[in-house]
Amino acid sequence: MVDGQDTKAQASTGRTRGRPRSFDRATALEKALMAFWEHGYEATSVSDLTRIMGIGAPSLYAAFGDKRSLFEEVVQVYGATHGAFSDRALAEEPTARAGVARMLREAAAEYTDPAHPYGCLVVHAATNCTSPEVEELLRGQRNANIAAMASRIRADIAAGLLPAGTDAGALARHAGAMIQGMSQQARDGASRAELEAVAEIAMSIWPHD
């Protein structure tokens, strides 16, 4: 009787816990990130993802949800890893000028690193995309980056580190246009040195107090 109860308890526990995954979730997620980064959201199919991630479709859906849910998680991971340099630059440098200059320099290095696809996932992954939700997700990420720069510039204006008449919004959008353009240039074959030169010119237009 005890054996029977143990068997039932084990069966019940097994149903509660579910079958253990036969793959490393973080590794599979990084592989999906690379696929979306290289080919974009629209051109990366579920069959592509299962092949690249080394898992079956049922495992993909069980672990990540549908393709869009997987992509949303990929964007979060990208922002915390490969794309984290921009937030770090603004947070760690003493002025907006220094933060944006560092951001552009590090973009030149990151966007041309041969260890992963060139450019920026957030800039390119929604090209020719038919999902308005995905387009809005990446648009929101790009606009948030520009808003963070504008906020930092306004703080420097208030502190007297930039002239009172500085247009914080326009200056931030200029920097955003530079970093997005550098991403495209990297995908078109520009070298790190070439993009660093672009970054230097971009910073030359910044106003002085």
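Here, each number is a calculation from the coordinates, and none is a lab measurement. Since the model is a prediction, treat every value here as computed from it, not as a measurement. Virtual Cβ from ideal backbone geometry, glycine too; neighbours counted across all protein chains shown.
Screening S86, S59 for residues that are assigned to a helix (DSSP H, G or I), closer than 21 Å to A126 by Cα and either under 15 Å from the mean Cα position of the chain (by Cα) or not charged (D, E, K, R) (or both) leaves exactly one candidate, S86.
Working only within segment 91-132, note down all residues that are touching a Lys or Arg at 6+ places or on another chain (Cβ under 8 Å), of a type in the set (S, T, N, Q) and either surrounded by fewer than 15 Cβ atoms within 10 Å (Cβ to Cβ) or not in a loop (DSSP other than H, G, I, E, B) (or both). Correct list: S131 only. Is there a residue being among the basic types (K, R) and more than 20 Å from the chain's Cα centre (by Cα) anywhere in segment 143-158? Within segment 143-158, one or more residues are among the basic types (K, R) and more than 20 Å from the chain's Cα centre (by Cα). Of the residues making up segment 147-158, those that are of a type outside the set (D, E, K, R) and within 15 Å of A98 (Cα to Cα) are A148, M149, A150, S151, I153, A155, I157. Output the qualifying pairs, or none if there are none: Cβ atoms under 7 angstrom, residues six or more apart or on different chains, first residue in segment 143-160 and within 13 Å of S86 (Cα to Cα), second residue among the β-branched types (V, I, T) and assigned to a helix (DSSP H, G or I). So the pair list comes out as M149/V100.
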